[in-house]
1. Would you confirm whether any residue within segment 60-67 is part of a loop (DSSP other than H, G, I, E, B), touching a strand residue (DSSP E or B) at 6+ places or on another chain (Cβ under 9 Å) and of a type in the set (A, V, I, L, M)?
2. Taking segment 68-79 as the search range and keeping residues that are part of a loop (DSSP other than H, G, I, E, B) and within 13 Å of the ligand (Cβ to nearest atom), which one is most open to solvent (accessible area, probe 1.4 Å)?
3. Answer with yes or no whether ASP49 is touching an Asp or Glu at 6+ places or on another chain (Cβ under 8 Å), open to solvent by 30 Å² or more (accessible area, probe 1.4 Å) and at pLDDT below 95.
4. Does any residue in segment 14-26 that is closer than 20 Å to GLN48 by Cβ come within less than 6 Å, Cβ to Cβ, of a residue that is surrounded by 13 or more Cβ atoms within 10 Å (Cβ to Cβ) and of a type in the set (D, E, K, R) six or more places away or on a different chain, and which pairs are these?
5. Would you check if there is a residue in segment 35-42 being on the phi > 0 side of the Ramachandran plot and either part of a loop (DSSP other than H, G, I, E, B) or in contact with a Pro (Cβ under 7 Å, 6 or more places away or on another chain) (or both)?
Amino acid sequence: VLDGQVQPPPDRVNVDLGDRVRIVIVSDENDEAHLHGYDLSTDIGPAQDEVLQFTADQPGLFELETHDSGLLLTQLVVE
Ligand SMILES: [Cu+2]
């Protein structure tokens, strides 16, 4: 997230059920990122790159968003 814009623009990332997933989030503003469905959240901000790591053990389509600014970062498809 740079100047309130998501880069690259929000898209879909497809993974297989059971894959290990690692998402690195870089943001120039403090906020909270939340992956719906898996209910994982982390503080993000300029101080450091934040990493979400988990096993994709639930199938479906899940949105990763920021809470304060309400931006969609990406959609995760697990199938
Ligand atoms: Cu949320």
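1. no
2. The selected residue is ASP68.
3. Taking the combined requirement at face value, the residue does not satisfy it.
4. Listed pairs, sorted by first residue: ILE25/GLU50.
5. Yes, there is a match, as at least one residue in segment 35-42 is on the phi > 0 side of the Ramachandran plot and either part of a loop (DSSP other than H, G, I, E, B) or in contact with a Pro (Cβ under 7 Å, 6 or more places away or on another chain) (or both).
The values are calculated or read from the model by the stated rules, or taken from the named source; none is laboratory data. These figures come from a predicted structure and were not determined experimentally. In this analysis, Cβ positions are derived from the backbone assuming ideal geometry, glycine residues included, and neighbour counts consider all displayed protein chains. Only protein heavy atoms, including side chains, enter the accessible area calculation; ligands, DNA and RNA are left aside. Shrake-Rupley method; radii C 1.70, N 1.55, O 1.52, S 1.80 Å.
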